[in-house]
Amino acid sequence: MGIRVFCQDCHLRPEKHLEDPSVETASRAADMPAAEMLAACSVCHSSQHLRELGNGNPHLANGMKCVSCHKIHRPNQPGLLKKPSVELCLGCHRSVSETFNLPSHHPVKEGTLKCTDCHIVLSAFDSPFSVEGARPICVKCHNEYDGPFPYEHGALNDYTLEEHGCWTCHEAHGSSNGKLLKEPDRRLCLQCHVVPKHFTAHGGVWADRRCEECHSDVHGSYSSPKLFNEDMLSRPCFRAGCHSE
């Protein structure tokens, strides 16, 4: 037999209401402080979601209660939610909501993704993902960039703990630049890479070319430490012997 729940398990001091149903309880569960409500709900609910809420979660720290998102009586959404999950999240996170209107964005408003597909564990104030950072979340969908590659882009490794790997170059929600890039392709690369000959060689005819035209295996390469792909290595500029790996 499952757990049996009675009104008085959640409603405090229901005596007057029991005497006269038109009188609401003097103090309802909704009036509890957030931490007290979490403790009360945890008596029956023992999911990872509740466990991490009590471990420095920013929602709880900002006074959000279980009933801020969940509907106790007659719920009509999965997980006892008051509204569909994306609508619920974006109702508070309005600055994030606006980024989904930018030309390049994750398809959340289109219904392909939900916020909870990525934001599963919120166990620290400064980390909206798990302690492993964003990359394990990103490669669940973008597994072609996971590797391992013999020659990896340092941005995915050297800065993983500091910049969360993928976020070194990409915005998480939406961007005015293609592929969710933080800056237009060339400007983004030049923040870390400055190679003077790229701008002066051959009379500067290559100075305005996109970096990705040559360094096309930007996430990692199986054949080139400079992130050229095999097709690039077969082109005349390499076959002539002037440029080598």
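The values are calculated or read from the model by the stated rules, or taken from the named source; none is laboratory data. Keep in mind that what you see is a predicted model, and the values were worked out from it rather than measured. We place every Cβ from the backbone using ideal geometry, glycine too, and count neighbours over all the protein chains shown.
Give me the pairs: first residue in the range 37-48 and at pLDDT 80 or above, second residue surrounded by 11 or more Cβ atoms within 10 Å (Cβ to Cβ) and small (Gly, Ala, Ser), beta-carbon distance under 7 Å, and six or more apart or on different chains, which are they?
Met37/Ala29; Leu38/Gly54; Ala40/Ala29
Could you say whether any residue in the range 49-57 is surrounded by 16 or more Cβ atoms within 10 Å (Cβ to Cβ), more than 21 Å from the chain's Cα centre (by Cα) and not in a helix (DSSP H, G or I)?
Checked the range 49-57: no residue is surrounded by 16 or more Cβ atoms within 10 Å (Cβ to Cβ), more than 21 Å from the chain's Cα centre (by Cα) and not in a helix (DSSP H, G or I).
Does Leu122 satisfy being farther than 29 Å from Asn229 by Cα, at pLDDT below 85 and in a loop (DSSP other than H, G, I, E, B)?
Details: farther than 29 Å from Asn229 by Cα: yes; at pLDDT below 85: yes; in a loop (DSSP other than H, G, I, E, B): yes.
Yes.
Suppose we filter the range 162-195 for residues that are among the β-branched types (Val, Ile, Thr) and in contact with a Leu (Cβ under 9 Å, 6 or more places away or on another chain); how many remain?
Step one: list which residues in the range 162-195 are among the β-branched types (Val, Ile, Thr), which gives 168, 194-195.
Keeping just the survivors that are in contact with a Leu (Cβ under 9 Å, 6 or more places away or on another chain) gives 168.
Qualifying residue count for the region: 1.
Considering the range 195-212 alone, what residues qualify as being within 14 Å of Asp185 (Cβ to Cβ), part of a helix (DSSP H, G or I) and either of a type in the set (Phe, Trp, Tyr) or under 33 Å from the mean Cα position of the chain (by Cα) (or both)?
Result: Cys211, Glu212.
What number of residues within the range 171-183 are surrounded by fewer than 17 Cβ atoms within 10 Å (Cβ to Cβ) and either farther than 25 Å from Cys118 by Cβ or of a type in the set (Gly, Ala, Ser) (or both)?
2
Restricting to the range 12-36, count the residues that are surrounded by 14 or more Cβ atoms within 10 Å (Cβ to Cβ), in a loop (DSSP other than H, G, I, E, B) and either modelled with pLDDT of 70 or more or outside the structural domain of Lys65 (by TED's automatic domain parsing) (or both).
1
Which pairs have Cβ atoms under 6 Å, sit 6 or more apart or on different chains, and link a residue in the range 177-191 that is over 17 Å from Ala207 (Cβ atoms) to one that is loosely packed, with under 14 Cβ neighbours inside 10 Å and not hydroxyl-bearing (Ser, Thr, Tyr)?
Once the first residue is over 17 Å from Ala207 (Cβ atoms) and sits in the range 177-191, its partners that are loosely packed, with under 14 Cβ neighbours inside 10 Å and not hydroxyl-bearing (Ser, Thr, Tyr) give Asn177/Pro184.
When both residues are 6+ apart or on different chains and their Cβ atoms are under 9 Å apart, which pairs have a first residue that lies in the range 103-114 and is farther than 14 Å from Glu171 by Cβ, and a second that is among the aliphatic types (A, V, I, L, M)?
Pro107/Leu113; Lys109/Val86; Lys109/Leu90; Gly111/Val86; Leu113/Val86; Lys114/Val86; Lys114/Val108
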